[in-house]
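Beneath this line is the structure, given in structure tokens, with notes to follow.
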Amino acid sequence: METILFLAHTEPDGSLGKAALEAFSAAQAVHASSPGSTFAAGLIGASVQAAASQIASGGAAKFLGVAGEDFNQARYASDAAAVEALCRAAQASVVIAPGTSRFARCLAGVAQRIGGLVDTHITGIGVQQGSLTANRWYYRQRMEGVFQRTARPWFLLVDPGSQAAWQGAAGTAAVEMIAVLLPEAARRTTVSGYHSSAANAQTIRPDAPLLLVAGAGWTKKQADGQTHTPEAGTLILNFLNRTRASLGSSKSLVDQSGEGQAVLPFLSHLNQIGQTGATPRHQKGLSTCCHGEEPHTVGWRFINERRAISLDPNCGWARGKADVLYVADAFAVMAKVNELLA
Ligand SMILES: Cc1cc2nc3c(=O)[nH]c(=O)nc-3n(C[C@H](O)[C@H](O)[C@H](O)COP(=O)(O)OP(=O)(O)OC[C@H]3O[C@@H](n4cnc5c(N)ncnc54)[C@H](O)[C@@H]3O)c2cc1C
């Protein structure tokens, strides 16, 4: 019988973030489908009471916490010590945690310390014939594998965005605090602050329902023999401002900056979707001025509804990659769409 430990760190305000609530849903579902399993929550942060209360009605039989100023910041040494203590206290055989950068940094080390194994980028956890299974994508999201492990404890880092976030009512939870005495060496690293791009330069929004993808066509010569890159930039930014959509790009477009061509200044390689780019998760996607070639559309694997605007009726989108293809001038279409949105 599995002893399931849901593991989470708090956000700066003491609450559990969306990624943690998604992992909590997954852990809860595993517990529900594993008769005889036990289910505990292990929480780390400056203070963990608010986080425990947030998930109090979620079915965990026990709440364990490691708290204090030393555990407020993301730091390998203190996080690893806290997680190790929680796993040992819970005697966990399965540890389900959100795949945040904080946990991605330390859970492999903890698994090694306590003789377990870790798997990252998990997109599904299930129980088949009484055995725990995990899903993960391979070969740049082209193939999905379902696998089991006999090794325990088994650490599973759940990819944010892959599960529905738990939405139960808050309640009151009694947290059993675990004391972790950190040696001075575990306190050497301090987080001195965060550097974020300006709010209006932040075009990547993982939680947006819609992804807008810009292709190289936006910077190509148009019917009048001229390029219209500044107009393209304005159309795209106006659309993003009005819809709060996330912005993706084709490789050809982001590569142009490296080749000294006219570019859209708000795009970087981080926006690139595809085989050598990102595979974001959004309900809908709209591709503009992009050919929809295979290495690009690999990145659309987790976009549920796909539409494209291209001048080329024979492009990859027309060959089965899009649900709807508008064979049209994206400058004209997006100008009209922005007008309607305004
Ligand atoms: C190993 C490998 C890995 C790769 N990985 C990736 C990857 O991760 N991501 C990626 O994107 N690509 C990747 N590629 C490149 C990919 O194959 C394509 O070359 C690239 O995606 C093409 O970008 P594009 O469609 O923006 O540009 P283009 O192929 O130049 O297409 C531009 C399109 O814009 C259209 N257009 C022009 N003007 C307008 C207008 N006014 N209105 C509407 N449409 C217009 C044109 O008709 C054309 O279809 C990879 C390639 C290889 C070999």
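The values are calculated or read from the model by the stated rules, or taken from the named source; none is laboratory data. Being a predicted model, the structure only gives us computed values, none of them experimental. When we count neighbours, we look across all protein chains shown, and the Cβ atoms used for this are built from the backbone with ideal geometry, even at glycine.
Against the conditions (1) of a type in the set (D, E, K, R); (2) over 29 Å from SER47 (Cα atoms); (3) in a loop (DSSP other than H, G, I, E, B), ASP207 satisfies every one except (2). For region 54-78, filtered to residues that are polar (S, T, N, Q) and surrounded by fewer than 18 Cβ atoms within 10 Å (Cβ to Cβ), the residue that is nearest to the chain's Cα centre (by Cα) is GLN73.
Pick out the one residue from GLU22, GLU84, GLU11 that is assigned to a loop (DSSP other than H, G, I, E, B) and acidic (Asp, Glu).
Of the residues listed, the single one that is assigned to a loop (DSSP other than H, G, I, E, B) and acidic (Asp, Glu) is GLU11.
Please enumerate the residues belonging to region 212-233 that are within 22 Å of LYS284 (Cα to Cα), surrounded by fewer than 21 Cβ atoms within 10 Å (Cβ to Cβ) and more than 9 Å from the ligand (Cβ to nearest atom).
Quick first cut of region 212-233, residues within 22 Å of LYS284 (Cα to Cα) only: 212-218, 232-233.
Subsequent filtering for residues that are surrounded by fewer than 21 Cβ atoms within 10 Å (Cβ to Cβ) retains 216, 233.
Selection gives GLY233 alone.
Each residue in region 279-292 was checked for being more than 23 Å from LEU235 (Cα to Cα) and in contact with a helix residue (DSSP H, G or I) (Cβ under 9 Å, 6 or more places away or on another chain), and 1 of them qualify.
Contact map, region 329-342: residues that are assigned to a helix (DSSP H, G or I) and modelled with pLDDT of 95 or more paired with residues that are small (Gly, Ala, Ser) and within 13 Å of the ligand (Cβ to nearest atom), Cβ distance under 8 Å, separation 6+ or inter-chain. Pairs shown: ALA330/GLY217; ALA330/SER310; PHE331/ALA232.
None of ALA77, ALA50 is part of a helix (DSSP H, G or I), more than 24 Å from ALA165 (Cα to Cα) and touching a Ser or Thr at 6+ places or on another chain (Cβ under 8 Å) except ALA77. ASN314 passes every criterion in (1) within 11 Å of the ligand (Cβ to nearest atom); (2) farther than 19 Å from ASP207 by Cα; (3) in contact with a strand residue (DSSP E or B) (Cβ under 9 Å, 6 or more places away or on another chain) apart from (3). Part of a strand (DSSP E or B) and more than 7 Å from the ligand (Cβ to nearest atom): is that true of LEU325 in this structure? Judged against the criteria, LEU325 is a match. Just one of PRO295, PRO230 is out of contact with any strand residue (DSSP E or B) (no Cβ under 6 Å at 6 or more places or on another chain) and in contact (Cβ under 8 Å) with a residue 24 or more places away in the chain; which is it? So the residue among PRO295, PRO230 that is out of contact with any strand residue (DSSP E or B) (no Cβ under 6 Å at 6 or more places or on another chain) and in contact (Cβ under 8 Å) with a residue 24 or more places away in the chain is PRO295. Among the numbered conditions (1) more than 8 Å from the ligand (Cβ to nearest atom); (2) in contact (Cβ under 8 Å) with a residue 60 or more places away in the chain; (3) surrounded by fewer than 22 Cβ atoms within 10 Å (Cβ to Cβ), the only one that ASN241 does not meet is (2).
Taking the criterion of being in contact with a His (Cβ under 8 Å, 6 or more places away or on another chain), within 12 Å of the ligand (Cβ to nearest atom) and part of a loop (DSSP other than H, G, I, E, B), the residues of region 273-305 that qualify are GLY274, GLN275, GLY277, CYS290. Filter region 306-322 down to the residues that are touching a residue at least 40 places away in the same chain (Cβ under 8 Å) and either in a strand (DSSP E or B) or under 27 Å from ARG142 (Cβ atoms) (or both) and list them by number. Residue satisfying the conditions is SER310 alone.
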